[in-house]
Amino acid sequence: MEARVDTTRLQRLARSYAETAVFYAAIDLELFTHVSRGAGSIAALAQAMGTTELNAERLVTVTLALGLLELADDGSLRNAADCEKFMVKDSPRYAGAWMTFTRAEVPDWFNLTERLTDQTPPTELGMYADLTVERARKYHRATASIGMGAARRFCRHVDLRGRRRMLDLGGGSGAYSITAVQTFDGLEAIVLDLPPVVVVSQEYIDDNGVADRVTTHGADFINDPLPTGCDVAVMASNLPIYSAENIAKVVQKTFEVLEPGGEMHLIGETLNANGVGPVDAALWGMAEVNYGDNGSGGRAHTVTECIGYFEAAGFVEVENVDFVAGTLTRTTGRKPLG
């Protein structure tokens, strides 16, 4: 007997914006922080959040349904494990700024039809075309904590013992460079990013006390020369910002400046080999249509394409592995000796 086809999935998609809105409201009202600090009932939460009990009940009902809150055995409210770890304010892993990072873009998404039918050629850098220091500072206030978490994961997955100098392409806050030199003795790093960004990179480098081992280099890695003398390169979390031609170009340029035997790691949101999913990677590619006056040239890239960029550049021992399952992968390769 064939399964009955209905509109349930389509209706969920049509109203999924409401789930996002509830999550934003929970962050604004510090729901997860109050629960973590002992507000385990609707009445206690209403008082802590400054809402009526009816509105607190509404918010709790949805966050329970979404699995953001849970009921303890005694009937009190508690945070789901991920909300307790990442959504409690003043926690060192608090990710509220990252979760609301794209909030200002919500109206653009509801004008997507107009954007998709605009025939104007995109700009190469999209949102980065007219970047200022203050915009870069705001951007990295939102992304630095999540970047540090990814950098710690990278240093657990990749053994850089014996490497001397790392090139951090589009390094932003310097999270990967800072964490790498703190993890591996003798390693130095260069954070390469656009000139307004490296002003902010230097602030994070100074704050983390690694200015003696991490330097900055202001440049556009697509069009400007890359520093030489590095035996490892990392390009993390900016893959969908660029076209296939530009990613291939950066990988080729990196291959050319790496020391023989050097390695490169490209970490980003990638589609599966057949181009179908995951949704997160597909949506990051779609988001590029909203950036800049005419969108950027960025798009979602498949695992197969990423491997191809490396092989075409001349890297050997190329492979792609999960970095954060369902979200990020890591493509890696080695430059041959001689």
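The values are calculated or read from the model by the stated rules, or taken from the named source; none is laboratory data. Predicted model, so just to flag it, every value in this text is computed and none were measured. No Cβ is skipped: glycine too gets one built from the backbone with ideal geometry, and neighbour counts run over all protein chains shown.
Please determine, by comparing only the residues of the range 198-220 that are aliphatic (A, V, I, L, M) and in a loop (DSSP other than H, G, I, E, B), which one is surrounded by the fewest Cβ atoms within 10 Å (Cβ to Cβ).
Let us first name the residues in the range 198-220 that are aliphatic (A, V, I, L, M), namely 198-200, 205, 210-211, 214, 219.
Narrowing further to those that are in a loop (DSSP other than H, G, I, E, B): 210-211, 219.
Numbers: V210: 20, A211: 12, A219: 17.
The extreme case among them is A211.
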- Task: Determine which member of the set T183, T228, T215 is in the same structural domain as A312 (by TED's automatic domain parsing), of a type outside the set (A, V, I, L, M), under 23 Å from G314 (Cα atoms) and without any contact (Cβ under 8 Å) to a residue 40 or more places away in the chain.
- Result: T228
- K85 passes all but one of the listed conditions (1) closer than 30 Å to R137 by Cα; (2) modelled with pLDDT under 95; (3) not acidic (D, E); the exception is number (2)
- Could you tell me whether P240 is touching a helix residue (DSSP H, G or I) at 6+ places or on another chain (Cβ under 6 Å) and in contact (Cβ under 8 Å) with a residue 40 or more places away in the chain? yes
- Condition set closer than 24 Å to L131 by Cα and surrounded by fewer than 23 Cβ atoms within 10 Å (Cβ to Cβ), scope the range 178-197, selection nearest to the chain's Cα centre (by Cα): answer is L194
- Can you tell me which residue among F32, F101 is at pLDDT 95 or above, surrounded by 16 or more Cβ atoms within 10 Å (Cβ to Cβ) and not charged (D, E, K, R)? F32
- What helices (runs of 4 or more DSSP H), lying completely within the range 1-84, carry at least 1 residues that are under 18 Å from M99 (Cβ atoms) and out of contact with any Leu (no Cβ under 8 Å at 6 or more places or on another chain)? 16-28, 31-36, 53-65
